[in-house]
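Student: To start, I am sharing the structure in question, which I have written as structure tokens.
The values are calculated or read from the model by the stated rules, or taken from the named source; none is laboratory data. Treat the numbers as computed from the prediction; the structure is a model and nothing was measured. All Cβ positions, glycine included, derive from the backbone under ideal geometry; neighbour counts span all protein chains shown. Heads up: the accessible areas ignore ligands, DNA and RNA and are worked out on the full protein's heavy atoms, side chains in. Shrake-Rupley method; radii C 1.70, N 1.55, O 1.52, S 1.80 Å.
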Amino acid sequence: MNRTPSTALAALLLASAMALPAAAQQSTVRVGMIEDVDTLDPHQGRTLGGRHVFTALCDKLFDIDEQVNIEGRLVTGYEISPDGLNVTLKLRDGVLFHDGTKFDAEAVKFNIERALTIQESARKGDIRAIDRVEVVDPLTARLVLKEPFAPLLSQLSDRAGMMVSPKAAAAMSPKDFGNQPVCSGPYKFVERVVQDRIVMERFADYWNKDAFHFDRAEYRPMPDATVRLNNLQSGQLDLIDQVSTTDLPALRGDSRFAVSSVTGLGHFHIAFNVANGDGARNPFAEKLALRQAVEAGLDRDIINQVVFGGEYLVGNQPVAPTSRFYDKSFPIQPRDVAKAKQLVAASGVAQPSLTLNVNNSPTFVQAATVIQSLLAETGITVSIQPMEASTAIGAATAGQFQAFLAFWSGRVDPDGNTFPYLGCTGSQNWGKYCNPAVDEALNAATKVSGDAERAALYAKATALWMADKPTIFLYHQNWFFGHKAGLKGFHAIPDGLMRLDDVRIEG
């Protein structure tokens, strides 16, 4: 059909106008995070940086929403048997791994068994109640439990529920797979440059690809909050996590940027090495009075005010004082320098000295410096050992520490905040604390579903570990994310992970 010049011009203008919105959208999102990853295998990972990356790389069976409700992702429906011993999962059809293989019930079986059995797994404690996985049909998997386990779905909404390609994982060692991951998320792995960047590209066959609008996603570890902020302000980054509380007023007052925030689920704490290798051969492992002196000499409010501008919530338990599982019979005690000095004297150790490992993020170092100053007044000398995050975790795992100022980003169920640190086989129990009576109470709390029954069991455990003091819990974080004002669709979720669902950048 012949067109007149005016008709052709109108068609050209219309086509150009229709193309403008797409052209105005940024094709690469650049995310700044507080730390690098330790591994890109969700079954082995222990870092928060890894969890940020996994939200784009590895889909999981369940997820949580802004109200911390658990919802299906690769699961479209589930049924729990009356005795709590069978959990039947209906799986999403049409899901592919990045290598083109199908996600199905056999893949679920492989992943759960891998998470439970490989030596390097950090997920064994998370799903410790699973006895086996049965394949009912290609899209139905049944988890058979050794005993009822109330936290199961919440654990499957995190790394324990992330699915990797059975074909790829079976062909590589766990170490190699951690460097060349193959998952089923919206983005597939391209490259990693340690301490610099992790690059992914959009997976064309992702089951929900219309919810993701970037062709590439780049994650850049930057431990220094000021460096992350400067890179955001200069246009080198589009979204950053853990904005320093001291930077909030300036960022909120700049129309070019926006701040999203939410109350988190996790905790900051000091973990003592009480029984892990040579690092446990120190007075603070051997003398309870010294660990008691550390807590008596601390002032959580001072740490919160000096380091975080009072924006965090102080606490002394794995769950926040706002939680229904918080044990009010153990309130936060005020600082007591005289008591701390008496405990130091009672220990019989002259001039006790403690080496405190810490993430090399300036925020962590600043918190450690305040702790150092507070404890100096009690007669305890603290030496601060800053370390890159994955190096610090490696040292902790190997028992090469006396104490570790660490952070846990939190889980929906209280078991996920408690057992990893205080259970004998907890994945983050770097100090190897093990009290069978604590284990018994924590495990019993997973077998009942009523809040009152569970709270009573956690209270029993609290009385025991509070007396042993392997870990001192300090405060609970509020998450602050900074991003360009043109970044739309971002939602802050209480687990603190930066998800890219429905996120786009305009203008």
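Student: Please give the residues of the range 72-101, grouped as numeric ranges, whose backbone N is less than 14 Å from a label point set 7 Å along the Cα-to-Cβ vector of R197.
Tutor: The answer is none, because no backbone nitrogen lies closer than 14 Å to the label point.
Student: Could you name the lysines whose alpha carbon sits less than 26 Å from that of K341, not counting residues in the same chain fewer than 8 places away?
Tutor: Within the straight-line cut-off, K341 pairs with K287, K469.
Student: Additional query: Taking R0 as 41 Å, what FRET efficiency do you get between T425 and T88 from their Cβ-Cβ distance, rounded to the nearest 0.05?
Tutor: Numbers: r = 27 Å, r/R0 = 0.66.
Calculated transfer efficiency: 0.95.
Student: Here's a follow-up. With a 1.4 Å probe and every protein chain kept in, tell me what percent of the accessible surface of the range 273-338 is carbon plus sulfur.
Tutor: Values: 1510 of 3040 Å².
Roughly 50 percent, rounded to a whole number.
Student: Using a 1.4 Å probe and counting only protein heavy atoms, arrange V31, V337 so the residue with the most accessible area comes first.
Tutor: V337, V31
Student: Kindly write out, for the range 401-416 in residue order, the coupling ³J(HN,Hα) from the Karplus curve 6.51 cos²θ - 1.76 cosθ + 1.60 (θ = phi - 60°), rounded to whole Hz, with x marking Gly and Pro.
Tutor: Once θ is set to phi - 60°, the couplings for the range 401-416 become 6, 9, 8, 9, 7, 10, 9, 10, 6, x, 9, 5, 8, x, 4, x Hz.
Student: How much length is gained if the chain between E377 and T263 is pulled fully straight, taking 0.36 nm per residue apart and subtracting their Cα-Cα distance, in nm to one decimal?
Tutor: 37.8 nm
Student: Also: Roughly how tilted is helix 105-117, in degrees to the nearest 10 and between 0 and 90, from the longest Cα axis of the chain?
Tutor: Roughly 30 degrees, rounded to the nearest 10.
Student: Taking H placed 1.01 Å from N in the peptide plane, check which residues at least 5 places from Q385 or on another chain put their amide H under 5 Å from its amide H.
Tutor: L356, N357, V358
Student: Tell me the label-point distance for the pair D137, K102, using the 7 Å Cα-to-Cβ offset, in nm and rounded to one decimal.
Tutor: Placing both labels 7 Å beyond Cα along the Cβ direction yields 1.3 nm.
Student: Moving on to the next point. Straight-line reach from K102: which lysines have a Cα under 19 Å away, not including same-chain ones fewer than 8 places off?
Tutor: Candidates past the 8-residue exclusion: K60, K90, K167, K188, K209.
Student: If one computes the Cα centroid of the range 50-118 and of the range 393-472, what distance in Å separates the two points?
Tutor: The range 50-118 and the range 393-472 have Cα centres separated by 25 Å.
Student: Also, quick follow-up: Here are some values of percent of Cα pairs over 45 Å apart: (1) 10; (2) 25; (3) 15. Which one was computed from this structure?
Tutor: Among (1) 10; (2) 25; (3) 15, the one calculated here is (3).
Student: List the residues whose amide H sits under 5 Å from the amide H of W430, counting only those 5 or more places along or on another chain, with H placed 1.01 Å from N in the peptide plane.
Tutor: Under 5 Å from the amide H of W430 lies no amide H from a residue far enough along the sequence or on another chain.
Student: Then there is this: Could you order D63, D468, D210 so the one with the most accessible surface comes first? Probe is 1.4 Å.
Tutor: Working: D63 15, D468 45, D210 130 Å².
Ranked list, largest accessible area first: D210, D468, D63.
Student: At 0.36 nm per residue, minus the direct Cα-Cα distance, what do Q351 and E79 gain on full extension? Give it in nm, one decimal, please.
Tutor: Value of the extension gain: 92.0 nm.
Student: Between the helical axis of 451-468 and the dominant principal axis of the chain, each derived from Cα atoms, what acute angle in degrees is found, rounded to the nearest 10?
Tutor: Helix 451-468 sits roughly 50 degrees off the main axis of the chain.
Student: Rounded to the nearest 20 Debye, what is the dipole magnitude of the chain about its Cα centre when Lys and Arg each give +1 and Asp and Glu each give -1 at the C-beta?
Tutor: Result for the chain is approximately 320 debye, rounded to the nearest 20.
Student: E506 to M466: FRET efficiency via 1/(1 + (r/R0)^6), r the Cβ-Cβ distance, R0 56 Å, to the nearest 0.05?
Tutor: After rounding, the FRET efficiency stands at 0.65.
Student: Here's another thing I want to ask about it. Quickly work out the T322-to-S255 label distance, labels modelled 7 Å from Cα along the C-beta direction, and quote it in nm with one decimal.
Tutor: 3.2 nm
Student: If amide hydrogens are placed 1.01 Å from N in the peptide plane, which non-local residues have theirs closer than 5 Å to the one on V95?
Tutor: Result for V95 returns F103.
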